[in-house]
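The values are calculated or read from the model by the stated rules, or taken from the named source; none is laboratory data. Since the structure is predicted, the reported quantities are computational estimates derived from the model, not experimental observations. Cβ atoms come from the backbone with ideal geometry, glycine included; neighbour counts cover every protein chain shown. To get the accessible areas, we keep the full protein, side chains included, count just its heavy atoms, and leave off ligands, DNA and RNA. Shrake-Rupley method; radii C 1.70, N 1.55, O 1.52, S 1.80 Å.
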Amino acid sequence: IAFVFAFAVSYGMGANDACNDWGTSVGAGTVKLWQAYILCAIFNTLGAVLLGYKVTETIRTGIVDVSVYDVYVQYEPGNNTYVIVPFCEVANDTLETTTFAPPPLPVGNETNIVDCARYTSADFMYGQVGTLLGVSVFMIVSSVFKIPVSATHAIVGATLASTLYLKGNNGIKWLEIGGIVLSWFISPLLAGFVSSFFYLIVKFSVLMRRHTFEAALKLCPVFMAFTLTVNLFACIFDGSKCELICNSNPIESTEICKQIFLRTNIMNNRDKIRWLRARAHRLYERDLKKQQKKKQDPESSPETLSSNVIDVSFTVVDGERKQLPVGEIEPPPGPWYCYIRKNVTEDPLAAKVFNSVQMVSASLLSFSHGANDTANTVGPLVAIWLTYRTGWALTDASERADMQYLLLFGAVAMIVGFATLGHRTMKLIAKEITTEVSAPSGFTVELGTAFTVLFCAKLGIPISSTHCAVGAVLFVGMTKSTSEGVDWRVFGKIVVVWLLCFPISALISFIMTVILYNFV
């Protein structure tokens with residue numbers, strides 16, 4: 001039953017949260033939907049298997065003190081049997097964990113007797129199954145109505161509700177829960193500021209340069225190498241459980257990543273620029289043909305610029321307004337800081353150069369999503385599995401091979417959800433929160449979101465990647481054109497559902513736990 005519900009949770013996660021990874025890329029036209037399915041499958045799985053175990057441990061042991069579910073049995077030599085006791089009174093503090101059944105009774109003159117054994121009550125499994133059901137129902141229903149919600153919210157709320165029913169206030173780590181809840185409010189702000197910062201870098205280093213296309217060709221390989229280096233650092237520095245690529249020394253890890261950055265940025269740089277130039281021209285000509293067909297449509301309406309957008313595709317010569325050749329702009333007069341909150345029209349040819357970089361940033365975001373969110377969904381399943389296999393939910397899972405298989409199970413279920421139902425939520429992320437998603441802004445949104453999620457995943461903090469993605473899209477949209485580029489009605493609807501996520505998941509989990517505890 002737990003595996004069925006865990007599959008449903010990961011399915012709902014893929015149908016909802018995984019859309020954060022590729023929504024902006026699909027919306028900007030960088031990748032097609034079927035390409036997003038394939039890349040999501042690859043990088044979500046890698047993130048879950050390589051880094052997911054840290055967040056899984058937080059979900060499994062960081063919200064509730066699982067030891068409140070411990071059951072102790074002590075050997076009575078007079079009756080040659082084991083009896084349940086509140087706590088074992090033994091000289092040796094080392095307790096042997098067993099399966100659900102007490103240790104085997106001694107036979108004949110056998111002296112190898114286990115004085116006391118500790119294992120986890122079946123009530124704990126009831127609560128975790130209730131948690132999985134509460135989360136799965138909320139996630140799938142939200143995906144059907146294409147509303148991006150937080151599985152992290154749902155899991156924390158559902159776990160809290162089941163524990164309050166079974167054990168009351170005992171064992172609930174309110175301080176840790178408070179820190180997790182606080183991170184839900186801080187993470188979208190952090191992702192928004194980081195994404196806006198990256199967008200301003202792109203804006204002033206590329207989009208506002210006179211020869212903007214050439215500037216994009218020179219700097220996009222740097223952006224690409226930087227994005228790959230950050231991803232590799234997350235894997236190398238105390239990240240993956242694979243000893244071949246894991247290094248716990250921050251200085252050595254930084255040096256390795258620095259060398260990787262320099263090599264990937266310098267090696268074959270001319271070839272990369274040549275390839276980016278040819279690809280950008282090919283994509284631009286393809287879009288030009290689509291626009292010409294659209295203009296021939298009598299029902300099509302001409303596009304209008306926002307009042308906050310400065311059109312830099314024209315120049316004034318002898319009082320006449322002349323169109324600049326594609327790939328060049330007329331930088332606006334005045335110091336650069338006057339245009340921090342003013343948007344400029346993006347050169348279409350330069351924007352096409354960012355398509356390739358955006359694929360890299362989206363892959364990084366997909367990797368970080370697998371490291372954080374897949375672990376969230378698998379956490380309750382890991383606790384149930386360890387209780388079933390070892391008898392004790394707090395068994396050390398860091399060296400167990402089956403942890404990787406459980407994370408892989410969650411990743412596969414997430415991919416199925418993304419491929420079958422993810423297009424609905426992806427449409428909202430791509431086109432309805434902000435109307436101005438392009439390849440340069442999509443790249444900065446994905447990079448800022450991935451930075452935030454990876455940073456928190458390294459610390460073992462189960463944040464919401466949905467909050468980070470929505471915060472990044474919102475802040476970049478405002479950076480581009482203040483409030484005109486944001487649909488506040490859609491954003492308000494998302495916030496309302498976010499607030500309902502915690503109590504609704506908790507209520508469903510509470511009802512399921514009551515049913516299991518009293519009638520099973």
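How large is the accessible surface of D65 in square angstrom, using a 1.4 angstrom probe and rounding to the nearest 10?
60 Å²
With a point put 7 Å past each Cα toward its Cβ, work out how far R279 is from I38 in nm, to one decimal.
A separation of 1.4 nm, rounded to one decimal place.
Step through the residues of segment 162-178 one at a time and calculate ³J(HN,Hα) from phi using the Karplus curve (6.51 cos²θ - 1.76 cosθ + 1.60, θ = phi - 60°), rounding each to whole Hz and writing x for Gly and Pro.
With coefficients 6.51, -1.76 and 1.60, one gets 5, 5, 4, 6, 7, 10, x, 7, 5, x, 7, 8, 5, 5, 5, 5, x Hz.
Rolling a 1.4 Å sphere over the protein heavy atoms, what is the accessible area per residue of segment 123-202, to the nearest Å²?
On the way: 2840 Å² over 80 residues.
Solvent-accessible surface per residue comes out at 35 Å².
State the extension gain, in nm to one decimal, for the chain segment bounded by K258 and W488, taking 0.36 nm per residue of separation less the distance between their alpha-carbons. Don't skip to the end; give the middle numbers.
On the way: separation 230, 0.36 × 230 = 82.80 nm, distance 4.13 nm.
This chain segment gains 78.7 nm when fully extended.
Where does each of 353-365, 441-453, 36-48, 218-230 land if you order them by average Cβ count within 10 Å, highest first? Show your work: numbers first, answer last.
Values: 353-365: 27.2, 441-453: 31.1, 36-48: 22.7, 218-230: 20.4.
So the peptides 353-365, 441-453, 36-48, 218-230, ranked by packing, come out 441-453, 353-365, 36-48, 218-230.
Summing Lys, Arg as +1 and Asp, Glu as -1, what charge do residues with Cβ under 12 Å from the Cβ of T513 carry, T513 excluded? Could you put the intermediate results ahead of the total?
On the way: positive: K167; negative: D123.
Once all neighbours under 12 Å are counted, the net charge is 0.
Starting from the amide H of V31, placed 1.01 Å from N in the peptide plane, find each other amide H under 5 Å away whose residue is 5 or more places distant or on another chain.
V26
Beta carbons within 10 angstrom, averaged per residue: use that to sort the peptides 66-75, 408-417, highest first. Intermediate values should be presented prior to the final figure.
Numbers: 66-75: 18.9, 408-417: 24.0.
Packing proxy ranking, top to bottom: 408-417, 66-75.
Tell me which chymotrypsin sites (Phe, Trp or Tyr not before Pro) from segment 136-222 have a DSSP coil assignment and no more than 15 other beta carbons within 10 Å of their own. The partial results should precede the final answer.
Numbers: sites: F138, F145, Y165, W174, W184, F185, F193, F197, F198, Y199, F204, F213; in loops: F145.
Qualifying residues, ordered by number: F145.
Does a label point 7 Å from the Cα of L500, set along Cα-to-beta-carbon, have any residues of segment 120-148 with amide nitrogen under 17 Å, and which are they?
Flagged as within label range: 134-148.
Given points 7 Å out from each Cα along the Cα-Cβ axis, report the F3 to L189 separation in nanometres with one decimal.
My value for the distance between the label points is 4.4 nm.
Using a simple spin-label model with points 7 Å from Cα along the Cα→Cβ vector, what separation in nm is obtained for D287 and T395?
Label at D287, label at T395, 5.4 nm between them.
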